[in-house]
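For reference, the structure discussed in these notes is given below.
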Amino acid sequence: MIHSINLSKIKLLITSAIFLLFISCSEKTPPLLTEKIEYDVSIKNDDENTNWWVQNLEGATREKIVNVLVNAALSGKYKVYDYDNNLLDNKEIELIFKQPVSYTLPSISNPDVDSVINTYNEIDKRDICKIIFLEKWYFDEKNLNFSKKVIGYGPVIKKYTVDNETGEKILKGYMPLFWIYLDDSYPSKLKN
């Protein structure tokens, strides 16, 4: 009987010690610096004069993350939103990957009349050059501990326009394709 009481006390002491050790060792979240910040990160740098890792993911790694993001959006398993945080249905998601293009060409039957041809160019995943992030940032100024919590993200492509006189492709800017949020409450928080 005495042996079982001592064993119970020892188990309780060990359990208490492990619990206290766990609590004292667990990292506390630093103070909140900002509730939300949005920015994009280049994952494809075509500048040959910089180190490969500057604003760049190595080719196979970049392809993998791009494929995961695109497949996640197309899978139907995740809620996908446009840049204005409107929920997209499956058809709208599929159309994201097809960019409308209009061509004006002389009509074959009457060269004096132009024909307008409307078609789609499929987005080439290799044109995804950035990932846009929405995050919470935390910062503890005492120990300079900076941490982030990703709230949402999505792929970004380069948008081009064509010079009518030269036919040259000119960079027009960048366009986020969609958002996937890790916190379902965020799209409504962003609209307020």
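The values are calculated or read from the model by the stated rules, or taken from the named source; none is laboratory data. Owing to the predicted nature of the structure, the values given are computational and were not obtained by experimental measurement. Neighbour counts run over all protein chains shown; Cβ positions are idealised from the backbone, glycine included.
Put simply, of ASP84, ASP114 the only residue that is among the acidic types (Asp, Glu), loosely packed, with under 11 Cβ neighbours inside 10 Å and modelled with pLDDT under 95 is ASP84. Loosely packed, with under 10 Cβ neighbours inside 10 Å and either of a type in the set (Lys, Arg) or at pLDDT 95 or above (or both): does that describe LYS9? Spelling it out, it is not the case that LYS9 is loosely packed, with under 10 Cβ neighbours inside 10 Å and either of a type in the set (Lys, Arg) or at pLDDT 95 or above (or both). Has the stretch 35-51 got at least one residue that is among the hydroxyl-bearing types (Ser, Thr, Tyr), surrounded by 13 or more Cβ atoms within 10 Å (Cβ to Cβ) and in contact with a helix residue (DSSP H, G or I) (Cβ under 9 Å, 6 or more places away or on another chain)? Taking every residue of the stretch 35-51 in turn, none turns out to be among the hydroxyl-bearing types (Ser, Thr, Tyr), surrounded by 13 or more Cβ atoms within 10 Å (Cβ to Cβ) and in contact with a helix residue (DSSP H, G or I) (Cβ under 9 Å, 6 or more places away or on another chain). Would you check if there is a residue in the stretch 128-151 being over 19 Å from ILE93 (Cβ atoms) and modelled with pLDDT under 90? No. Selection of the stretch 125-160 for residues being of a type in the set (D, E, K, R) and under 17 Å from the mean Cα position of the chain (by Cα) yields LYS125, ARG126, ASP127, LYS130, GLU135, LYS136, LYS148, LYS149, LYS158.
With a requirement of 3 or more residues that are of a type outside the set (D, E, K, R) and free of Cβ contacts under 8 Å to residues at least 40 places away in the same chain, the strands (runs of 3 or more DSSP E) lying completely within the stretch 69-144 that satisfy it span 98-106, 114-122. Within the stretch 152-187, if we keep just the residues that are of a type in the set (Ser, Thr, Tyr), farther than 30 Å from PRO31 by Cα and modelled with pLDDT under 90, the residue that is surrounded by the fewest Cβ atoms within 10 Å (Cβ to Cβ) turns out to be THR166. Do you know which of the residues in the stretch 39-54 that are among the charged types (D, E, K, R) and farther than 17 Å from ILE132 by Cα is farthest from the chain's Cα centre (by Cα)? Ranking the qualifying residues of the stretch 39-54, first place goes to GLU48.
Is it true that some residue in the stretch 74-82 is of a type in the set (D, E, K, R) and in contact with a Pro (Cβ under 9 Å, 6 or more places away or on another chain)? Within the stretch 74-82, one or more residues are of a type in the set (D, E, K, R) and in contact with a Pro (Cβ under 9 Å, 6 or more places away or on another chain).
Restricting attention to the stretch 145-170 and to residues that are without any contact (Cβ under 8 Å) to a residue 12 or more places away in the chain and assigned to a strand (DSSP E or B), the residue that is nearest to LYS189 (Cα to Cα) turns out to be THR161.
Within the stretch 27-54, the set of residues being part of a strand (DSSP E or B) and not aliphatic (A, V, I, L, M) comprises THR34, GLU35, LYS36, GLU38, TYR39, ASP40, SER42.
Within the stretch 55-64, the set of residues being part of a helix (DSSP H, G or I), exposed (fewer than 15 other Cβ atoms within 10 Å of the Cβ) and of a type outside the set (Gly, Ala, Ser) comprises THR61, GLU63, LYS64.
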